[in-house]
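Data first, discussion second: the structure below is written as structure tokens.
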Amino acid sequence: MEMELKRYHSKRAEKVSDRVFQFVISDESVDRHRTVIKMDGWQLENYRNNPIVAYQHNTFSNDPDSIVGKGDVYKENGKLMARVTFEPEGDNPIADKLVKKIEFGSISATSVGFNPIDWSRGVKADGEDPELIYFRNADLLEFSIVHIPSNPNATQDKDFETFIRMINEESPLPETKPVDKGLDEHKTRLLRLKLQSL
């Protein structure tokens, strides 16, 4: 089981055509967990092989309608963009409802689910904030249409909060240089076991 973290992004969706919308799903802004995902570190190949768009990260649901469409992801002007094509009208009641809510404007947030590969505290000499955690490489697993955008009053994501707490308290990171590329098998297994035991 991969360790999947979620990060929320809020932006009005731009309608491209009938049942097709464009979103900004990530950028290098500081999120509410005091982390930054570096744009040049996004790995998109695995996502492109299985380009699902879910609702509320229900990717392990027994209800196939929790997958509401397919996504086309790409980088543009320092942002990770996604064009979502919702399933055909009448095939999926959740997708039909989301299209109406996005058009109305009551839902417009997205959230990326990713496997963290490489991260470290900010390197001051490189113009980064040493108080922040920078995800240097991240494998995009999925992204979702969600209710809660990234803002100070948003409900915290348990897995992400737990991961950040483990980094800060149990897995200190160097403050002057990035962590070695990737996680060794032992550390990866320990982090996954900790997350599964919550």
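Remarks
- Within segment 88-104, if we keep just the residues that are farther than 12 Å from Phe21 by Cα and touching a residue at least 24 places away in the same chain (Cβ under 8 Å), the residue that is surrounded by the most Cβ atoms within 10 Å (Cβ to Cβ) turns out to be Ala95.
- Segment 42-70 - residue that is of a type in the set (A, V, I, L, M, F, W, C) and in contact (Cβ under 8 Å) with a residue 60 or more places away in the chain and, of those, most open to solvent (accessible area, probe 1.4 Å): Ile52
- Odd one out for Arg19 among (1) open to solvent by less than 60 Å² (accessible area, probe 1.4 Å); (2) modelled with pLDDT under 90; (3) on the phi > 0 side of the Ramachandran plot: (2)
- Tallying residues that are among the acidic types (Asp, Glu) and in contact with a helix residue (DSSP H, G or I) (Cβ under 9 Å, 6 or more places away or on another chain) within segment 66-124 yields 5.
The values are calculated or read from the model by the stated rules, or taken from the named source; none is laboratory data. Just so it is clear, the structure is predicted and the values come from calculations on it, not from any experiment. Because the Cβ atoms are built from the backbone with ideal geometry, glycine has one as well, and the counts that use them run over all protein chains shown. Areas reflect the complete protein model, heavy atoms only, side chains present, ligands, DNA and RNA absent. Shrake-Rupley method; radii C 1.70, N 1.55, O 1.52, S 1.80 Å.
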